[in-house]
Amino acid sequence: MQTCYDLVWLSAQRAPGDLALVDDQSDRALTYQQLIEEVDIVAAGLQTRGVKQGMRIATVLPSLFDHAIALLALQRLAAIPALMNFRLQPDEIAELIKNGEIEGAIILSDDALADTIAATLPSTDCLISVGGASGPAEDFADCRGDATSLPTIPKPDREDITFIFYTSGTTGLPKGVELSHRTTEHRILWLATQAGFRHGNHNNALGFMPLSHAIGFYGVFLAALGYGGTYYVQSAFNPVEAVEMIEQHGITYMFAVPQLYFAMTQAPNYSPDKMKSLQTVLYGGAEIMPDLLIKIDQEWPAKIFHIYGTTEIMCPFSNPDPVGEHTRLRPAFYANLRVIKIGGGVDDIVEAGDEGELIVDASSDLVFSGYLNQPDATAETISDGWYHTGDVCLVRGDGDYNLIGRTGDMVRSGGENIHPSEVEPHLVAYPNVTETAIIGIKDAAWGELVVACVVAADTDAAALDAHMRETPLTSYKRPKAYLFMDLLPRNAANKVLRRELRALAEDARQGNGDLTFEEV
């Protein structure tokens, strides 16, 4: 079993002079040998500040060069990074620190945040800020020590926790997903089997997905370094700069949510010629619009794969065809999964041609250990040895599956199930609609009324209804009402807050608030 640090250390043993890590905000560029030396110096500094094996340390940072160094340094000590979304409010971060019994934090320089966290931590011995000292937080640049004082590289047990990532739930605070060391190798090996990723220094990865996201950390950062490639930091996503970095550095590999690829194709400096170095492009985490998929397939020379997964289980599914039916998924060779009746038991398996909830064997080495200090939430998600994804799949007759939507997002109208993902692509195809979300609200006649929440210019419900009648959607799936708004409410991870939309729609239907609600 190799730890995260082990994988990078092994790359340094094989090719110490190869380029490993490149910063976008300075001239810092480290070979593998230099990277290990820098990581060990920072680890020694952390050790003098009381950090040791098994200690939970929060990192509340954008995807900075120093964030990457800090994560590897914590892993050198077998401490446990708890990677939090830096966009959360200080009181939310403090609550996560308190609930997670976290003993230290590495944050972005911010006096208010530093003061709030200092009041929550049991000690400020390991309260460090990147970008300069901040109140009670010490400057990360001063966190250095004598690397020769470090103990031998730890060999933790395979079930010891190595990382804590946080889910981006749409209700309440995120839950801490505990991942053990047994998951580490498997969380990058799938790239070889599902995306044709090959070991070597030809891999140039662009790191614009957050390191606090499983895609950004495992799917890009650790994959790049574990496979002997180069990780190019983009500290904050900027589509213009991303296009330039792809051309300048000969980027071969990207993995991101589709919205970022769309932004790149709309950048004023974008041209297909600047993308000619791309070899492998993965997307996941959100629906991709058909027009975007066609565009990048035609204009980028890369193989393009849809990867399905969650923080808890990583990637049991991938698209069997590099481009094509993007909702069609094939189980990985290592994935033991089932599709069961929604609300049913783990043995209520549906037949081919039916849809149900996807569940995954929780004994897999890829699967998380549980939610941090939340045994009830863990028990709700894992039952009888199976992880319940909450995702709805259609079982095909050929061994593949179609991803339909979320069980919690499904609208039940007139006795029929309607998944937002079936309706939303048709709405955003209308020229004036920039984004939309389908919800259901209580209705005496229908049970739930299908409502389209839309951000649109110069249109009304009648025009949208006329457009939807021209689509192949059956009549019961078409929206019966439209809620017009300037922006869709989203959480810190950019996920649409459908519960909030339902409340807004119900209020607007009663004539309350400023939003326009039109039935058709």
All but one of (1) at pLDDT 95 or above; (2) within 23 Å of the chain's Cα centre (by Cα) hold for G169; which doesn't? (1)
Of the residues in the stretch 1-60 that are within 23 Å of I251 (Cα to Cα) and acidic (D, E), the one that is surrounded by the fewest Cβ atoms within 10 Å (Cβ to Cβ) is D27
Tell me, please, whether a residue that is part of a strand (DSSP E or B), touching a Leu at 6+ places or on another chain (Cβ under 7 Å) and modelled with pLDDT of 95 or more can be found in the stretch 284-302. no
So, in the stretch 258-278, exactly how many residues are in contact (Cβ under 8 Å) with a residue 60 or more places away in the chain and either part of a loop (DSSP other than H, G, I, E, B) or acidic (D, E) (or both)? 1
Exactly one of S212, S149 is assigned by TED's automatic domain parsing to the domain that holds L71 and either over 23 Å from M1 (Cβ atoms) or buried (at least 17 other Cβ atoms within 10 Å of the Cβ) (or both), and that residue is S149
crowded, with 18+ Cβ neighbours inside 10 Å and under 30 Å from E101 (Cβ atoms): which single residue out of L366, L358 fits that description? L366
Where a residue in the stretch 463-490 is in contact (Cβ under 8 Å) with a residue 60 or more places away in the chain and its partner, wherever it lies, is surrounded by fewer than 20 Cβ atoms within 10 Å (Cβ to Cβ) and β-branched (V, I, T), with Cβ under 6 Å and at least six apart: none
Of the conditions (1) surrounded by fewer than 20 Cβ atoms within 10 Å (Cβ to Cβ); (2) in contact (Cβ under 8 Å) with a residue 12 or more places away in the chain, the single one that T389 does not satisfy is (1)
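Among the helices (runs of 4 or more DSSP H) confined wholly to the stretch 1-119, which include 3 or more residues that are over 23 Å from A147 (Cα atoms) and outside the structural domain of G250 (by TED's automatic domain parsing)? Give the steps one after another, and end with the answer.
Numbers: elements: 4-14, 32-48, 65-76, 90-99, 111-118.
Output list reads 90-99, 111-118.
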How many residues of the stretch 219-259 are in contact with a Lys or Arg (Cβ under 6 Å, 6 or more places away or on another chain) and not hydrophobic (A, V, I, L, M, F, W, C)? The answer is 1
Please specify each residue of the stretch 206-225 satisfying the condition of being more than 10 Å from the chain's Cα centre (by Cα) and either assigned to a loop (DSSP other than H, G, I, E, B) or of a type in the set (V, I, T) (or both). F208, V220
Are there any pairs, at least 6 apart or on different chains, whose C-beta atoms fall under 6 Å, with the first in the stretch 401-415 and farther than 17 Å from I359 by Cα and the second assigned to a loop (DSSP other than H, G, I, E, B) and of a type in the set (A, V, I, L, M, F, W, C), and if so, which? S413/W446; G414/W446
Please go through the stretch 327-371 and pick out each residue that is closer than 21 Å to K175 by Cα and among the aromatic types (F, W, Y). F368, Y371
Which residue out of E506, E448, E435, E518 is in a helix (DSSP H, G or I) and surrounded by 14 or more Cβ atoms within 10 Å (Cβ to Cβ)? E506
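The values are calculated or read from the model by the stated rules, or taken from the named source; none is laboratory data. Because the structure is a prediction, the values reported are computed rather than measured. All Cβ positions, even for glycine, are placed from backbone atoms using ideal geometry, and neighbour counts span all protein chains on display.
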